[in-house]
1. Can you work out ³J(HN,Hα) from phi for every residue in segment 74-84, in order, using Karplus 6.51 cos²θ - 1.76 cosθ + 1.60 and θ = phi - 60°, giving whole Hz and x for Gly and Pro?
2. Given a 1.4 angstrom probe, what's the average accessible area per residue across the chain, in square angstrom?
3. With charges set only on the Cβ (+1 for Lys and Arg, -1 for Asp and Glu), what does the dipole of the chain come to about its Cα centre, in debye to the nearest 20?
4. I'd like the carbon and sulfur percentage of the solvent accessible area for the chain, probe radius 1.4 Å, heavy atoms only, ligands and nucleic acids excluded.
Amino acid sequence: MLKAKWLLRLAERAWQCILQIPFLLPMMEQPRPLLRSITCWTISRYAEWVVTDGQQFLDGVINSLLKCILDKNKVVQEAACSALATFEERVRA
């Protein structure tokens, strides 16, 4: 539960913790589905920054989200699809 709380805190402070992306990406490969789904949601909170100022992270984020779309857990799949849709919206804006 400690990791889940940490991820939620990062999402709350997305505008302050923009350099957390490299630390979040490995969390998408955690064995617990809850952590993977929360990480997808947390990363979606960084979408606007990644698209505008953090282009160096864009490939890694998109690749990680695509892997999560193929996850065996439906909740993780839904979170990854939602996060990917958020990124697409930010790119089109």
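The values are calculated or read from the model by the stated rules, or taken from the named source; none is laboratory data. As the structure is a prediction and not an experimental result, all values here were calculated from the model. Cβ sites come from the backbone with ideal geometry, for glycine too, and all protein chains shown count toward neighbours. The area values use the complete protein model at the heavy-atom level, side chains included, leaving out ligands, DNA and RNA. Shrake-Rupley method; radii C 1.70, N 1.55, O 1.52, S 1.80 Å.
1. 5, 5, 5, 4, 5, 5, 5, 4, 5, 5, 5
2. 62
3. That gives a dipole near 400 debye.
4. Using a 1.4 Å probe with all protein chains present, the chain comes out at 58 percent carbon and sulfur.
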